[in-house]
1. Which residues in the stretch B:13-40 place their backbone N less than 12 Å from a point set 7 Å from the Cα of residue B:82 along the Cα-to-Cβ direction?
2. Given A:3/A:38; A:3/B:79; A:38/B:79; A:38/B:80; A:70/A:108, which pairs have Cα atoms separated by over 27 Å?
3. Extending each Cα 7 Å along its Cβ direction at residue A:2 and residue A:22, get the distance between those two points in nm, one decimal.
Amino acid sequence: AQKITQTQPGMFVQEKEAVTLDCTYDTSDPSYGLFWYKQPSSGEMIFLIYQGSYDQQNATEGRYSLNFQKARKSANLVISASQLGDSAMYFCAMREGWYGNNRLAFGKGNQVVVIP
Amino acid sequence: SQTIHQWPATLVQPVGSPLSLECTVEGTSNPNLYWYRQAAGRGLQLLFYSVGIGQISSEVPQNLSASRPQDRQFILSSKKLLLSDSGFYLCAWSPPGLATEQYFGPGTRLTVT
């Protein structure tokens, strides 16, 4: 079964506007972590943000914030004030379990194109 | 600061030829190491991970193998490449213990012809 679901089609967003990328996950483990990565056309995977399942507050890193809705099993990424350099594929990933198990399961990604 | 290197950056190999991709990490000790593959237009698939020297766990049965001869060195190999082995191979590392971050190398683009 798919553990991470990202189903949005490619998105166009106006520069300086905010964009929300959807991610839903499936796990029965109470201990897990959620990651977001950015992959520009160069191919490198850039770590953006992390949210632990026991974290009480939504994670934020600069212009990135994670809207964590545990009951809905949702971990949407919000990019505020979009910049042209934000054009990329964005991947949501999940780590299940605790120590000794750091494997990540990735979604299929969301394509974002920022237009001036 | 920590740095992760991968080489080569690109590789074109004929079917049936061997493969060796190398990954090294600097600036950390006893990292967890991972090999992922990304097919064109797809997400990442975990192939192997290692929590220490000589300790390799395989996620997907295939004609690939991995080895960790040194603490910060991770090697992906194949004796005979298949067309389906084409893809973008990414090495990653995370600090020992619980991963709240995982960092990727620049990747190797492999084309099997």
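Values in this text are rule-based calculations from the coordinates and carry no lab data. Note that the structure is a prediction, hence the values are computed from the model and not measured. All Cβ positions, even for glycine, are placed from backbone atoms using ideal geometry, and neighbour counts span all protein chains on display.
1. Residues passing the 12 Å test: B:16.
2. Check vs 27 Å cut-off fails for A:3/B:79; A:38/B:79; A:38/B:80.
3. My value for the distance between the label points is 1.1 nm.
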